[in-house]
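To start, the structure under review is shown below, and the notes come after it.
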Amino acid sequence: MNPTKNRISRREFGKTTLLAGAALATGATGVCGAEPSPRRIRTGVIGCGSVSNSYLPNLNQCPYVEVVSLCDIKPERAKRQAERFKIAHHYPHIDAMLAGEPFEFFINLTDMQQHEHLNRQALEAGKHVWSEKPIANSLAAGQELLALSRRKCVRLWGAPIVVQSRQFAFMARQLAAGKLGRVAAAHADYGHEGPDWSAFFYEKGGGSMPDLAVYNLTSLTGLLGPARSVMAMLSVVTPERTVGDKDRIQVTEEDNSMVLLDHGNGVISHVQSGFNYFNPHGHDGSQETRHTLSIVGSDGFMGLVGYDWAPLGVDLATKDSPKMRRDETDARGYVWQQGASLAAEVLSTGKEILLATPEHALHVVEIICAARESSATGRRIPLTSTFKWPVVV
């Protein structure tokens, strides 16, 4: 699931915005719908596959959103979701969508290889854009999209929004307070046995890094700061896969990755991800109770319980308090798919409640590209991008 950063403090965010997220997730009234008759942002969603099953219920429950059209290159999927969610208009192609029912906010849930050119087309048409990860396939292309959005006076955001969770906020506060002493190292991992419904995960532009490692890379750079350089080793463990849309395919992108980041000041982190990791819980984040992200320093240890896109709590032990203590076990409404709803709230109210920024998302894109270059060349790859850090707490 960030990260887009903002002008409110994370303390204020924890007290208000995530309560708003709870109303979004449950359909309840409260903070999110406190103001009478908020302006609803006319919204078009492209990509009616599996991810839309998570996004559309969240969007439909948000008082700042009016979904007016859907689009999918498989027209039957757009038609099915339009009927299910009572959306009046659906289209088989982005050109027809942009020429059809007027809207101002474009949500891109298509295959990751399609994000870049579809985001560009929507920005050119003067639409605000929320994109599932990644925003683009390279840093240069992403920076061009961001520059285009500014020329068009529209907004560009992208998943994941892991920096929005209360657990991330808690960890950031402990680090800022020096609770771990001199921070030395961090580790994160996310993997499963691989999706079996589509080939795009394994084809050029896919891979385990933009699909899975992107969450951990966003979390660790959000907590420890932008990375300065990258070293990596990538591999293909399973060279052939059987998937629902193409039957038997050759895997061309990494399904196994080990990425090492230098954050400066001696701080090093490591992220591993892959499509060959047996997990008894499958994709179900609610059942994952181990530490999938951990940070250690001279005076303490901190571990995130569960996945960073679906966190369940944070364990902390320090020299002053060596017994492990668990905090922030309540998500307070945070869900990984609420980023577009929060973006609509920004557009409606002008309140900069999103902590995830396009600059942070593009920094992670550069890390992924650098990891591939490092693995291919055996070299350490310096990075050129950055983002505003620390994340406001």
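The values are calculated or read from the model by the stated rules, or taken from the named source; none is laboratory data. Note that the coordinates shown come from a computational prediction; the quantities given were computed from them, not determined experimentally. A quick note on method: Cβ atoms are made from the backbone with ideal geometry, for glycine too, and the neighbour counts reach across all protein chains shown.
As for segment 263-270, it holds no residue that is assigned to a loop (DSSP other than H, G, I, E, B) and either on the phi < 0 side of the Ramachandran plot or crowded, with 24+ Cβ neighbours inside 10 Å (or both). For segment 263-308, filtering for residues that are within 24 Å of VAL251 (Cβ to Cβ) and hydrophobic (A, V, I, L, M, F, W, C) leaves 3. Elements of the type strands (runs of 3 or more DSSP E) sitting completely within segment 279-323 and holding at least 3 residues that are in the same structural domain as ALA177 (by TED's automatic domain parsing), among the hydroxyl-bearing types (Ser, Thr, Tyr) and farther than 19 Å from ALA176 by Cβ: there are none. For segment 349-386, name all the residues that are closer than 21 Å to GLY158 by Cβ and in contact with an Asp or Glu (Cβ under 9 Å, 6 or more places away or on another chain). Across segment 349-386, the qualifying residues are THR349, LYS351, ILE353, LEU354, ALA371, ARG372, LEU383, THR384, SER385, THR386. Regarding SER149, is this residue outside the structural domain of LYS204 (by TED's automatic domain parsing), among the small types (Gly, Ala, Ser) and crowded, with 24+ Cβ neighbours inside 10 Å? Judged against the criteria, SER149 is not a match. Per the listing THR377, THR349, THR386, the residue uniquely more than 21 Å from the chain's Cα centre (by Cα), more than 29 Å from TYR55 (Cβ to Cβ) and β-branched (Val, Ile, Thr) is THR377. The residue that is surrounded by the fewest Cβ atoms within 10 Å (Cβ to Cβ), among those in segment 49-80 that are touching an Asp or Glu at 6+ places or on another chain (Cβ under 8 Å) and not in a loop (DSSP other than H, G, I, E, B), is VAL68.
Of the residues making up segment 186-238, those that are under 12 Å from SER269 (Cβ atoms) and charged (D, E, K, R) number 2. Being among the β-branched types (Val, Ile, Thr) and out of contact with any Leu (no Cβ under 7 Å at 6 or more places or on another chain) holds for only one residue in ILE73, ILE94, ILE87, and it is ILE73.
Those residues that are within 24 Å of GLY158 (Cα to Cα) and either assigned to a strand (DSSP E or B) or not assigned by TED's automatic domain parsing to the domain that holds ALA172 (or both), I need them from segment 218-255; list them, please. The answer is SER229, VAL230.
For segment 268-303, enumerate the residues that are under 17 Å from the mean Cα position of the chain (by Cα) and of a type in the set (A, V, I, L, M). Within segment 268-303, VAL271, LEU293 qualify.
Answer with yes or no whether THR349 is among the hydroxyl-bearing types (Ser, Thr, Tyr) and surrounded by fewer than 16 Cβ atoms within 10 Å (Cβ to Cβ).
Yes.
Can you find a residue in segment 358-377 that is closer than 20 Å to LEU220 by Cβ and in a loop (DSSP other than H, G, I, E, B)? Among the residues of segment 358-377, not one is closer than 20 Å to LEU220 by Cβ and in a loop (DSSP other than H, G, I, E, B), which makes the answer no.
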